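Take a look at the structure set out below.
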Amino acid sequence: MLQNIKDQNIIHLDLDSFFVSVERLREPKLRDIPLLIGGSTNRGVVASCSYEARKFGIHSAMPMKTARRLCPHATVIGGDSELYSKYSHLVTDVIKEQVPLYEKSSIDEFYVDLSGMERFHNSYLLAKKIKKDIKRESGLNISFGHSINKTVSKVATNESKPNGYCRVEKGAEKFFLSPLTVNKIPQVGEKTYQTLRSMGVLKVRTLQQMPVDLVENVLGKNGRSIWQKAQGIDHNPVKPYSERKSMSSERTFNRDTTNVFQLKSLLVGMTERLAFKLRKEQKLTACVTVKIRYSDFDTQSMQCRLPYTACDHILIDKVKELFDKLYQRRMLIRLIGVRFSHLVGGGYQINLFEDTEERINLYQAMDHIRKRFGDSKVKRATAMHLRHPKMNPFNGIAT
């Protein structure tokens, strides 16, 4: 049997129905009613829904048309990504002031590593204090789980929602997980869940009793990891969160240029590739920077904060806007670049309330092609003339 390499002390915190809770702070009349946040037309999708709406079978990413059919009397609002980002930053500030190490795994979810603290008992009290402080500072409810690893703490949080908390004592991890359904284990998605159910595996205890080699043969490369999590074993560390994390792309030209159309076309291509990288890595950005270097080596940059996103159409508009503000000298340019920073995990959900189902399907289709054939195989028409070196009049060194 595998043993834990070391004793950890992990707290997982997750804001309860985050988008909905923020909207109810702004408008108290929305409390205690079925509430849907997302595209207001039938072509939109549900970004978030209240616990009252979930009783009707509604869930995030569901077509709004379906959700309205399930709950005709639900209230629908469009959502405010800027406001949600503001509250996410506020909660982050409360956490980072009180703990030595934390990971912001999404805009509304955090891991805290308190390994080495004076006592396990005191760490639990600190988690309760953080919960109370977040409520006082932001008005939002947050649930938390406490155990020796990330997996069990996350499951404990989910089991204590809404507005609850749960501590799993050291040594009780396997016992705590055993009565739960297997889809409660992180990493078990709908496809894996259906595969396990077809084998008669509904509860975690059944998965715990199966040979690890059998699970690996059935579920492939993720089988061993899922089996270990079912045993309550998880050695993954809390990854320190830093808003300095970034990804960027630059191009130094063989011939300096003032062709604004071509410069913007190149920026579009860079932004598309970086946005695809964000989505591929399940990340969002909250800060965009554009950099230019003139022929006399004078380098200028400009950045702006924006609501968390990983969407091409939002990021491209912001990059173009920054370039227009930045490029004032009207002299030859030798380098241009784009950088995304203040990265956080979180996938696509933050933008569901402003997109149609068609746009979401388009993004998914384009990303599928890029993953299979390369990130340059699908691009906007404005960047097409840069596809081949011979068609690019200022081809140079890319980084």
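Annotations
- Listed conditions (1) farther than 28 Å from Asn236 by Cβ; (2) touching a Gly at 6+ places or on another chain (Cβ under 9 Å) are all met by Ala74, apart from (2).
- Residues (over 14 Å from Ile226 (Cα atoms), free of Cβ contacts under 8 Å to residues at least 24 places away in the same chain, part of a loop (DSSP other than H, G, I, E, B) and not hydrophobic (A, V, I, L, M, F, W, C)) located in the range 161-215: Gly164, Glu169, Gly171, Gly200
- Selection from the range 118-160 of residues that are within 26 Å of Glu23 (Cβ to Cβ) and small (Gly, Ala, Ser): Ser138, Gly139, Ser143, Gly145, Ser160
- Filter result for the condition that a residue is surrounded by 15 or more Cβ atoms within 10 Å (Cβ to Cβ) and either in contact with a Gly (Cβ under 9 Å, 6 or more places away or on another chain) or not in a helix (DSSP H, G or I) (or both), over Val218, Val238: Val238
- Candidates Tyr84, Tyr111, Tyr124, filtered to the one that is in contact with a His (Cβ under 6 Å, 6 or more places away or on another chain), of a type in the set (Ser, Thr, Tyr) and at pLDDT below 95: Tyr124
- Residue list for the range 284-313, restricted to those being in a helix (DSSP H, G or I) and surrounded by fewer than 20 Cβ atoms within 10 Å (Cβ to Cβ): His313
- Qualifying residue in the range 154-169 (condition: charged (D, E, K, R), over 24 Å from Leu101 (Cβ atoms) and not assigned by TED's automatic domain parsing to the domain that holds Lys55): no
- Only one entry in Arg26, Arg54, Arg31 is surrounded by fewer than 18 Cβ atoms within 10 Å (Cβ to Cβ), touching a Leu at 6+ places or on another chain (Cβ under 8 Å) and on the phi < 0 side of the Ramachandran plot, namely Arg26.
- Scanning the range 248-299 for residues that are touching a Lys or Arg at 6+ places or on another chain (Cβ under 9 Å) and aromatic (Phe, Trp, Tyr) yields Phe253, Phe276, Tyr294, Phe297.
- Failed item in (1) closer than 30 Å to Val112 by Cα; (2) modelled with pLDDT under 95, with Val45 passing the rest: (1)
- Residues located in the range 296-319, provided they are polar (S, T, N, Q) and closer than 14 Å to Phe340 by Cβ: Ser301, Gln303, Thr309
- Some residue of the range 101-114 being farther than 24 Å from Pro186 by Cβ and either surrounded by fewer than 22 Cβ atoms within 10 Å (Cβ to Cβ) or not assigned by TED's automatic domain parsing to the domain that holds Gln282 (or both): no
- Listed by first and then second residue, the pairs with beta-carbon distance under 7 Å, at least 6 apart or on different chains, first residue in the range 287-316 and assigned by TED's automatic domain parsing to the domain that holds Ser106, second loosely packed, with under 15 Cβ neighbours inside 10 Å and assigned to a strand (DSSP E or B), form an empty list.
The values are calculated or read from the model by the stated rules, or taken from the named source; none is laboratory data. Since this is a predicted model, take the numbers as computed values, not measurements. All Cβ positions, even for glycine, are placed from backbone atoms using ideal geometry, and neighbour counts span all protein chains on display.
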